[in-house]
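Student: Take this structure first; my questions come after.
The values are calculated or read from the model by the stated rules, or taken from the named source; none is laboratory data. Source: prediction; values computed, not measured. Please note: Cβ atoms are built from the backbone with ideal geometry, for glycine as well, and neighbour counts cover all protein chains shown.
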Amino acid sequence: MKASTAPQAVAVEVVAAQATEADSAMLAQLELSESKSLPGAAYIVKVRLKALPEATSQGWALYVDKLRIPKYWAYRQGIYFKVFDPQFFADHKGGKFRFSQNGTDFIDTGLKLAPPAEPKKESRRRIARLPLQDDVLK
């Protein structure tokens, strides 16, 4: 079996977007379990790739420093994951994006996590004016 080549990340962008219905349920659950109020936005972390990797039985896990991103999805220009708690950006600011197939050997992308462009407290009115996730991922 031929080893697959790590995805080549070329850019990272964080965009605040309106939460979907499923996101809203997740947000409510997080607020309850963390006992804190969250802004109600979904922060879309887009990792633009040179090319989307082929699907193989040996997938690539995405990490920010030592934190494995448990779930990410593909979009036309790469992959993305969602963040609901802005504290994530403070906790992992400057964290290196890395890929690994085994959790031991890592490929550093050379890209780092930066906070969203507008880390202000999101009011309900401002959140309603955020773009839809489908528009962010076009």
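Conditions (1) basic (Lys, Arg); (2) touching a helix residue (DSSP H, G or I) at 6+ places or on another chain (Cβ under 6 Å); (3) surrounded by fewer than 15 Cβ atoms within 10 Å (Cβ to Cβ), marked per residue:
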{"position": "11", "(1), (2), (3)": "no, no, yes"}
{"position": "23", "(1), (2), (3)": "no, no, no"}
{"position": "36", "(1), (2), (3)": "yes, no, yes"}
{"position": "42", "(1), (2), (3)": "no, yes, no"}
{"position": "51", "(1), (2), (3)": "no, no, yes"}
{"position": "55", "(1), (2), (3)": "no, no, yes"}
{"position": "62", "(1), (2), (3)": "no, no, no"}
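Student: Only one of these conditions is not met by residue 101: (1) at pLDDT 95 or above; (2) surrounded by fewer than 18 Cβ atoms within 10 Å (Cβ to Cβ). Which number is it?
Tutor: Evaluating residue 101 over (1) at pLDDT 95 or above; (2) surrounded by fewer than 18 Cβ atoms within 10 Å (Cβ to Cβ) leaves (1) as the failure.
Student: Would you be able to tell me the number of residues in the stretch 50-78 that are of a type in the set (A, V, I, L, M), at pLDDT 95 or above and part of a strand (DSSP E or B)?
Tutor: The qualifying residues number 3.
Student: Also: Any chance the stretch 89-104 includes a residue that's touching a residue at least 24 places away in the same chain (Cβ under 8 Å), under 23 Å from residue 129 (Cα atoms) and in a helix (DSSP H, G or I)?
Tutor: Within the stretch 89-104, one or more residues are touching a residue at least 24 places away in the same chain (Cβ under 8 Å), under 23 Å from residue 129 (Cα atoms) and in a helix (DSSP H, G or I).
Student: On the given criteria, is residue 36 at pLDDT 90 or above and of a type outside the set (Val, Ile, Thr)?
Tutor: no
Student: Identify the residue in the stretch 64-98 that is touching a strand residue (DSSP E or B) at 6+ places or on another chain (Cβ under 8 Å) and farther than 23 Å from residue 19 by Cα and, among all such residues, is surrounded by the most Cβ atoms within 10 Å (Cβ to Cβ).
Tutor: Looking at residues that are touching a strand residue (DSSP E or B) at 6+ places or on another chain (Cβ under 8 Å) and farther than 23 Å from residue 19 by Cα, I get 98.
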